[in-house]
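Asks: Before I ask anything, here is the structure I am working with.
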Amino acid sequence: MRIRELTADEARAQTRIAELADLLRDCVEGGASVGFMLPLAAGRLEAFWRRVAEGVAAGERHLYVAEDEAGRLCGTLSLVIDMPDNQPHRADVSKMLVHRRARRQGVAERLLRALEAKARALGKTTLVLDTVTGSDASRLYERLGWQRAGDIPHYALMPDGAPCSTSYYFKRL
């Protein structure tokens, strides 16, 4: 598996947009609460990734991908650095996605470690993220030294419409 940061041109490429949309579709259809509801509207996922790519081009975020031995996309994660003036030291970690065929193989951990290294290189000292309370992702974050700041009951919905609690995490670098 290879972890790498996409350039703006790579992130904007239609083939990459389609791959990222397929990855996001797999996660949502697999039950991940990542901001999208079932049924998925045509074009919605591609439009999301085009906005992400524009954020990469504008220098507002860094987009990492994981590719398997065959070069297929199997995971992604973003570091959002476009913060208010009083938070230049902080960044958000966003959209940890791992394809169902690649789970439990260390993809998420490797993506997260790459993002933490990038944040350090950018001089960031505090990272923040949120995830479904009690999820596999929450256990990963805790194992990697992230601290839970708290939970908000019924904060979001699962793709099928069921309410879920969200946990907020932070990590000092």
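Read-outs: derived from the displayed coordinates by stated rules, not from any lab. The structure displayed is predicted, hence computed values, not measured ones. In this analysis, Cβ positions are derived from the backbone assuming ideal geometry, glycine residues included, and neighbour counts consider all displayed protein chains.
Asks: Report, by residue number, each residue of the range 62-73 that is of a type in the set (D, E, K, R) and over 17 Å from the mean Cα position of the chain (by Cα).
Replies: Hits for the range 62-73 are ASP68, GLU69, ARG72.
Asks: Another question, if that's okay. Filter the range 73-87 for residues that are of a type outside the set (Asp, Glu) and without any contact (Cβ under 8 Å) to a residue 12 or more places away in the chain and give the result.
Replies: MET83, PRO84, ASN86, GLN87
Asks: So, one more: Please work out which one of (1) surrounded by fewer than 18 Cβ atoms within 10 Å (Cβ to Cβ); (2) within 23 Å of MET158 (Cα to Cα); (3) touching a Cys at 6+ places or on another chain (Cβ under 8 Å) is the condition ASP22 fails and give its number.
Replies: Among (1) surrounded by fewer than 18 Cβ atoms within 10 Å (Cβ to Cβ); (2) within 23 Å of MET158 (Cα to Cα); (3) touching a Cys at 6+ places or on another chain (Cβ under 8 Å), ASP22 violates only (3).
Asks: Hey, another quick one. Looking at ARG50, ARG4, which one is assigned to a helix (DSSP H, G or I) and of a type in the set (Lys, Arg)?
Replies: Checking each option against the conditions leaves just ARG50.
Asks: Still on this model: Which residue out of ASP92, ASP151, ASP68, ASP82 is in contact with a Leu (Cβ under 9 Å, 6 or more places away or on another chain) and not polar (S, T, N, Q)?
Replies: On inspection, the qualifying residue turns out to be ASP92.
Asks: Can you pull out every residue in the range 36-61 that is touching a residue at least 60 places away in the same chain (Cβ under 8 Å) and either surrounded by 21 or more Cβ atoms within 10 Å (Cβ to Cβ) or under 16 Å from the mean Cα position of the chain (by Cα) (or both)?
Replies: PHE36
Asks: Would you mind finding the one in LYS171, LYS95, LYS118 that is at positive phi and touching a strand residue (DSSP E or B) at 6+ places or on another chain (Cβ under 7 Å)?
Replies: When all the criteria are applied, what remains is LYS95.
Asks: Next up: Which one is farthest from LEU173 (Cα to Cα) among residues in the range 114-135 that are within 14 Å of the chain's Cα centre (by Cα) and without any contact (Cβ under 8 Å) to a residue 40 or more places away in the chain?
Replies: Checking each candidate, the answer is THR131.
Asks: Being out of contact with any Phe, Trp or Tyr (no Cβ under 8 Å at 6 or more places or on another chain), surrounded by 14 or more Cβ atoms within 10 Å (Cβ to Cβ), part of a strand (DSSP E or B) and of a type outside the set (Val, Ile, Thr): is that true of ALA137 here?
Replies: Against the criterion (out of contact with any Phe, Trp or Tyr (no Cβ under 8 Å at 6 or more places or on another chain), surrounded by 14 or more Cβ atoms within 10 Å (Cβ to Cβ), part of a strand (DSSP E or B) and of a type outside the set (Val, Ile, Thr)), ALA137 does not qualify.
Asks: Among the residues of the range 12-35, count how many are in contact (Cβ under 8 Å) with a residue 60 or more places away in the chain, assigned to a helix (DSSP H, G or I) and of a type in the set (Val, Ile, Thr).
Replies: 1
Asks: Now a separate question. How many of the residues in the range 140-163 are of a type in the set (A, V, I, L, M, F, W, C) and either farther than 18 Å from VAL107 by Cβ or exposed (fewer than 14 other Cβ atoms within 10 Å of the Cβ) (or both)?
Replies: Of the residues in that region, 6 qualify.
Asks: Additional query: Restricting the first residue to the range 140-159 and requiring it to be in contact (Cβ under 8 Å) with a residue 40 or more places away in the chain, which pairs with a second residue that is of a type in the set (Val, Ile, Thr) meet a Cβ separation below 6 Å and a spacing of at least six or different chains?
Replies: ALA156/THR166; PRO159/VAL28
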